[in-house]
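First up is the structure itself, then whatever we jot down about it.
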Amino acid sequence: MLEKFNKDIINAMKAKDQTRLTVLRMVKGAMQLDSINNKKEINDELLIDNVSKQIKLRNDSIIEFEKANRNDLIEKNKEEIEILKEYLPTQLTSDEIDEILNEVFDTVKPTSSKDMGSIMREVTPKVKGRADMKLVSDKIKEKLNTL
């Protein structure tokens, strides 16, 4: 994945694709900063973490731009999100997430919403980078409320 990412930066330079190049360089800079600050090795996992963060930032921006009625910026952010999604693993379906949650609930056996932390600790490594964590969190809360 990291090799593809680096090759795509070079290809974007050659093709003079400014939008793609800007987005990829932003991710590369965030990865390098994360690597230095947290003494992490630059690898596929770090790439996925940073791409996920960039997508989340853009989704948050879209919400704000909708409030301000800035359609031009909304479209720009949506285009950037599409570029970023190319570097994420295949996303889990809602049913697959439910299946993972059921397994974790059987293991942890939560009794109330106070067990949210222990459930998240079990679920996060299984879905990280493959599902929107807000969606996962919402599904867990919904399941806990039915206990």
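Summary table below
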{"read-out": "GNM result for the chain, Cα springs below 10 Å: residue of 78, 128, 14 fluctuating most strongly", "value": "14"}
{"read-out": "Cα shape, segment 2-85, gyration tensor, a/c 1.5 rule", "value": "oblate"}
{"read-out": "Calculated Cα extents along the principal axes in Å (choose from [x] 40, 35, 32; [y] 47, 40, 31; [z] 56, 40, 29), label", "value": "[z]"}
{"read-out": "Summed side-chain charge close to residue 129 - residues other than residue 129 whose Cβ falls under 13 Å, Lys, Arg +1, Asp, Glu -1", "value": "+2"}
{"read-out": "Sorted by Cβ neighbour density within 10 Å, fewest at the top, the residues 132, 138", "value": "138, 132"}
{"read-out": "Likely footprinting exposure, 42, 63, 83, fewest C-beta neighbours within 10 Å first", "value": "63, 42, 83"}
{"read-out": "Of 56/76; 56/114; 4/85; 28/126, those spanning more than 18 Å from alpha-carbon to alpha-carbon", "value": "56/114; 28/126"}
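Taken together, the values in this text are just the output of simple stated rules run on the coordinates, not laboratory data. The model shown is predicted, which means the values in this text are computed figures rather than measured ones. Every residue, glycine as well, gets a Cβ built from its backbone with ideal geometry; the counts of neighbours run over all protein chains shown.
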